[in-house]
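Please read the structure below before turning to the comments.
The values are calculated or read from the model by the stated rules, or taken from the named source; none is laboratory data. Note that the structure is predicted; figures quoted are calculated from it, not measured. Cβ: placed from backbone, ideal geometry, glycine included. Neighbour counts: every protein chain shown.
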Amino acid sequence: MLGFQPYETFQLLIETGGVDRTNTLLIAACDAYTRRGKPTHPEMEQFEALATRLFPIAGPQARAKGAAILGRAEVLSPTLEQLVVENIGEDLISFLSGAVDLSEATMLDIIGRYDVAAASTIATRADLSNVVLAKLFQMNSRKVYRALAANLHIVPRGAYLSALARSAQMDHIVAESLAKRDDFDAALLAPAFFDLSDQDRIKVIHAFTHRETPVAPIRKTIEQLTVATQDLTKALMKLFSENRRPEVTRLLSQITGLDEVRCGQIAHDVTGASLFVILRAFGSTAYDGLKVLIHATSHDTERSRALADYATLFGNVTPESMAYLMSAWRGEVNLLELAKPEYRPFIERRRQQNSVSATNNPVVDQAIEALARIGVKRAS
């Protein structure tokens, strides 16, 4: 069999030899099977019978070495696969990640052991069945959820979408992975907004473009304020122009109801993303809002492009949607409502780098430059 003596000879050697001979036979047989490539069905059956005899009586080191060699075979039956998993020891992770095929039974067996390292490796595979996915999502493990969030072969929908969205609220690494995906609704990352990169924060705001949202609880607070929007933007512009960010923190805390720590993050956010949400939620127009952002942000060479992006966003997102985003920061809404048909975007979201049509618009660029020149004068 497989270039060795007939199967009966192996049986005789096993019965008359000691452990050392069994160890040698096991490693040699596993190596021969792996080199065979794709064996015939009779060959696989014979080797399976041989392996099930050799593995239990071989020494620990020989079992681990034989399993590691066997794990590289082109084809494994469920029985052989189980022998590899049971005996491979420390090389289990490399086997799970590198195996071309892995049976559902083996995956479920490993997940059932609650081996987090092995389960998270399985979660990276492309050949996961719905049964395996359901078991993985039931595991209460950040490591497993991080692997699931980064696995582009898993379509985030239904219960999987809900589970990933909830996990993103508790784990910034999950949130970062989901933000990089084009098939995940970035609006669901609103609670993790302040854990995201500058670029991904803008992506969350873009997700509310041309989109209806449920009524936000904070809308009542905004409507009850006696301060006019123009007075608010003028006050913020003056404070930012004089770099009085602690006072901005206190002002934001008074008008938004957000805690002072969060308002401090907004006041010191030099990208302007979180401040844009506040300004638009309170009804600021592009003309007034950009005057505030010019003084609050620091973009250097990217200044004009970033401000042009905000200029477009002022026209594409409604105050109601940004109020909803603020309510998400306060934990007042169920973001999964956004998955309902009536709250989905009216148009497909374009990639962020292609979504700012105003970037190359000379009219917008000139307007931003003019606002930058008159901003300080208007603030005083």
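Structural remarks
- Residue match in the range 234-250 (condition: touching a Lys or Arg at 6+ places or on another chain (Cβ under 7 Å) and either in contact (Cβ under 8 Å) with a residue 24 or more places away in the chain or β-branched (Val, Ile, Thr) (or both)): yes
- On the stretch given as the range 311-333, residues that are more than 19 Å from residue 262 (Cβ to Cβ) and of a type in the set (Phe, Trp, Tyr) total 1.
- Residue in the range 162-173 that is at pLDDT 95 or above and in contact with a Ser or Thr (Cβ under 8 Å, 6 or more places away or on another chain) present: no
- Residue match in the range 137-146 (condition: under 30 Å from residue 270 (Cα atoms) and out of contact with any Leu (no Cβ under 7 Å at 6 or more places or on another chain)): yes
- Taking helices (runs of 4 or more DSSP H) as the structural unit, those lying wholly within the range 203-277 and holding at least 1 residues that are assigned by TED's automatic domain parsing to the domain that holds residue 339 and more than 33 Å from the chain's Cα centre (by Cα) correspond to 218-224, 229-241, 245-256.
- Of all residues in the range 278-293 being in a helix (DSSP H, G or I) and more than 31 Å from the chain's Cα centre (by Cα), the one that is surrounded by the most Cβ atoms within 10 Å (Cβ to Cβ): 292
- Within the range 147-166, tally of residues that are without any contact (Cβ under 8 Å) to a residue 60 or more places away in the chain and in a helix (DSSP H, G or I): 10
- Test: residue in the range 167-187 that is within 26 Å of residue 306 (Cβ to Cβ), assigned to a loop (DSSP other than H, G, I, E, B), among the aliphatic types (A, V, I, L, M) and in contact (Cβ under 8 Å) with a residue 60 or more places away in the chain: no
- Highlighted here are the helices (runs of 4 or more DSSP H) found entirely within the range 67-118 that include at least 2 residues which are touching a Leu at 6+ places or on another chain (Cβ under 8 Å) and without any contact (Cβ under 8 Å) to a residue 40 or more places away in the chain: 78-87, 104-112.
- Of all residues in the range 212-264, those satisfying the criterion of being among the hydroxyl-bearing types (Ser, Thr, Tyr) and modelled with pLDDT under 90 are 221, 226, 229, 233, 241, 256.
- Residues that are touching an Asp or Glu at 6+ places or on another chain (Cβ under 6 Å) and either on the phi > 0 side of the Ramachandran plot or aliphatic (A, V, I, L, M) (or both) do not occur anywhere in the range 216-232.
- Residue count for the range 60-86 satisfying the condition of being within 34 Å of the chain's Cα centre (by Cα) and among the β-branched types (Val, Ile, Thr): 3.
- Filter result (hydrophobic (A, V, I, L, M, F, W, C) and either in a loop (DSSP other than H, G, I, E, B) or modelled with pLDDT of 90 or more (or both)) within the range 339-355: 346, 347
- Taking (1) surrounded by fewer than 18 Cβ atoms within 10 Å (Cβ to Cβ); (2) touching a helix residue (DSSP H, G or I) at 6+ places or on another chain (Cβ under 6 Å); (3) more than 30 Å from residue 276 (Cβ to Cβ) in turn, residue 173 satisfies each apart from (3).
- Members of the range 123-146 that are assigned to a helix (DSSP H, G or I), within 21 Å of residue 168 (Cβ to Cβ) and β-branched (Val, Ile, Thr): 144
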